[in-house]
Amino acid sequence: MAKSMRQRLEAAEDLHLAPYALRSSSATRRHRIEDEGRVFDYRSAFQRDRDRIVYSRAFRRLRQKAQTGILPEYADHRRNRLTHTLEVSQFARTIGRALALNEDLIEAVALAHDLGQPPFGPAGERALDDLMSGRMDGRGGPGLGDLGGFWHSWQGLRIVDRIEKRYERDGLNLSDSVREGILKCGSDPRCAPDELVGVRVGLPGGFEVQVVQLADRIVTALSDLDDALQAGALEIPRVEKLAIVRQLRKKLGDHYRPRASRFMKINAIHRGLTHLLVTGAIIASERALARWAERHRVKTYRSFLPTRERIVGDEISLPPAGCKMLAEIEGLLETGVRRRFEAERIDGRGRRVLLGLFAAYQADPALLDDHVLIRYRQSTGCRYLRDLPRDAVEGEVVKRYRPDPRFSRLLADHLSAMTDSYALLEQARLTEVGAVPIPSAEQIRRESRRSAPARVRSQRPRARP
């Protein structure tokens, strides 16, 4: 019997991948994939996961979420969460392909690793964590104590398991390897036991997940450095003092032209640092993987599976010199860009927006969109808030909504799903500040001229030349 396309892809993995690379043929899911009348099966399990992630609403919203701070309205060239995700995917696939790891798994994890990021970057994540960890109780928090906090990696797992709705069951029904990668690409959060089904608890990420972790760190540093140089927040002479840039200039020699334009210098720095760090990661990781496989006598995929728990978590890494140079870049960005007065003000504004929206929704759930109230009704079995008599709404809010941790978590889900622009617009709607801008006198005069009837305008005397 002829093999299906999926079976041929799985056979190609056995032929071309390293023995310690995960195979899609061993992928497991919490729920069976329904064929829905399909005749052809032309994707591996991890390729299917990648496609489901790309078509999700959470993935599309990344394009209007800032990497750091607040995404400006006219930021044509500034990176956002979506471009960051694509760059991480490209870096990770390059490294994974060179190491003969499973590129499809790497791509799926890379594309999903930031799905749980809230608006306004790290400042937004800290604000929601303060609310959901109890640190804000008495100062705008829900007053329910520690509700588990908020981490974007855990939120990403909630999105692909619960929040996205494209099939009969909640979530995207991704394979367990991708779900575990999403969770372990961030910090180690506290998850409910039912959310950890299929995830290897207490163990470091596999080699493919480590590739995404390293790519995320490199891309974050290089893209922030490039954005800071392009925006003028950092000057080129200051960056040229970095050890890695001095090494780059030495390697480039005459190709690094001191009299080149500022724009071309910035591009040369970004291009050169990318090559140095990716090359260093591949060489160091290749040696570390060879030593690991020899130490644990891994020669086939069958012999690899029992040894997965012996993965330490630092096999995919830069050489010591590369780690030191990357840390130097991160230190410069922290002190020279992220802690500057302008950046602190922007972060503070994003934080105030999320804290204010949470407080407003907590005080008056009727301000929420219908779909959020419907989700709460479905999860608790209570009556739909808008179906209650007006004189019974306040009592229901006091009795059921405000003291319920599920409602607070629902608010965190709703706020984290917002884009930067939507959160700012929602704040303006609720506070009526900036919702209807006050026109200037000149704007009023221009508008009155446009709206004047043609007959009246024709009677106005013409200005003399």
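The values are calculated or read from the model by the stated rules, or taken from the named source; none is laboratory data. All values derive from a computational prediction rather than experimental measurement. Using ideal geometry, Cβ is built from the backbone for each residue, glycine included, and neighbour counts are taken over all protein chains shown.
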TODO: Kindly list, by first and then second residue, each pair from a residue in segment 384-408 that is without any contact (Cβ under 8 Å) to a residue 24 or more places away in the chain to a residue that is outside any helix (DSSP H, G or I), limited to pairs with Cβ atoms under 6 Å and residues at least 6 apart or on different chains.
DONE: E396/L388; R400/C382
Open item on the list: Tell me yes or no: at least one residue of segment 189-206 is part of a loop (DSSP other than H, G, I, E, B), in contact with a Leu (Cβ under 9 Å, 6 or more places away or on another chain), surrounded by 24 or more Cβ atoms within 10 Å (Cβ to Cβ) and among the hydrophobic types (A, V, I, L, M, F, W, C).
Closed with: no
Task: Selection within segment 322-368 - under 27 Å from R238 (Cβ atoms), aliphatic (A, V, I, L, M) and within 24 Å of the chain's Cα centre (by Cα) - done: L326, A327, I329, L332, L333, V337, A343, I346
Open item on the list: without any contact (Cβ under 8 Å) to a residue 40 or more places away in the chain, β-branched (V, I, T), surrounded by 17 or more Cβ atoms within 10 Å (Cβ to Cβ) and assigned to a helix (DSSP H, G or I): is that true of V245 in this structure?
Closed with: yes
Task: Which listed residue, of I283, I269, is free of Cβ contacts under 8 Å to residues at least 40 places away in the same chain, assigned to a helix (DSSP H, G or I) and surrounded by 14 or more Cβ atoms within 10 Å (Cβ to Cβ) - done: I283
Task: Of the criteria (1) at pLDDT 95 or above; (2) farther than 20 Å from A18 by Cα, which one N267 fails - done: (1)
Open item on the list: Restricting to segment 162-186, give me the number of residues that are assigned to a helix (DSSP H, G or I) and free of Cβ contacts under 8 Å to residues at least 60 places away in the same chain.
Closed with: 5
TODO: Give the residue that is farthest from the chain's Cα centre (by Cα), with candidates limited to residues of segment 385-416 that are among the aliphatic types (A, V, I, L, M) and farther than 26 Å from A123 by Cβ.
DONE: A392
- [ ] Mind counting the residues in segment 388-408 that are surrounded by fewer than 18 Cβ atoms within 10 Å (Cβ to Cβ) and part of a helix (DSSP H, G or I)?
- [x] 12
Open item on the list: Quick test of your reading of the structure: V209 fulfils all but one of (1) surrounded by fewer than 21 Cβ atoms within 10 Å (Cβ to Cβ); (2) of a type in the set (A, V, I, L, M); (3) at pLDDT 95 or above. Name the failing condition by number.
Closed with: (1)
Open item on the list: Please go through segment 145-157 and give me each residue that is over 13 Å from the mean Cα position of the chain (by Cα) and within 23 Å of A123 (Cβ to Cβ), ordered by number.
Closed with: D146, L147, G148, G149, F150
TODO: Check L234, L222, L252 and return the single one that is in a helix (DSSP H, G or I) and modelled with pLDDT of 90 or more.
DONE: L222
Task: First in segment 340-351 and farther than 10 Å from T68 by Cβ, second anywhere and among the aliphatic types (A, V, I, L, M) and outside any helix (DSSP H, G or I), Cβ under 7 Å, 6 or more apart - done: R349/I70
- [ ] Look at P119 and say whether it is more than 25 Å from R8 (Cβ to Cβ) and at pLDDT 95 or above.
- [x] yes
Task: Among the candidates G186, G171, residue that is in contact with an Asp or Glu (Cβ under 6 Å, 6 or more places away or on another chain), buried (at least 20 other Cβ atoms within 10 Å of the Cβ) and modelled with pLDDT under 95 - done: G171
Task: Scope segment 136-152; condition more than 22 Å from I374 (Cα to Cα) and either crowded, with 22+ Cβ neighbours inside 10 Å or among the acidic types (D, E) (or both); matching residues - done: D137, D146, F150, H152
- [ ] Check whether at least one residue in segment 43-60 is more than 29 Å from R200 (Cβ to Cβ) and either at pLDDT 90 or above or surrounded by 13 or more Cβ atoms within 10 Å (Cβ to Cβ) (or both), and report yes or no.
- [x] yes
Task: Residues within segment 73-122 that are crowded, with 20+ Cβ neighbours inside 10 Å and not polar (S, T, N, Q), tallied - done: 29
TODO: Would you list the helices (runs of 4 or more DSSP H) that sit entirely within segment 286-387 and hold 1 or more residues that are surrounded by 13 or more Cβ atoms within 10 Å (Cβ to Cβ) and acidic (D, E)?
DONE: 320-333, 341-363
- [ ] Just give me the residues in segment 117-134 being among the small types (G, A, S) and part of a helix (DSSP H, G or I), in sequence order.
- [x] G121, A123, G124, A127
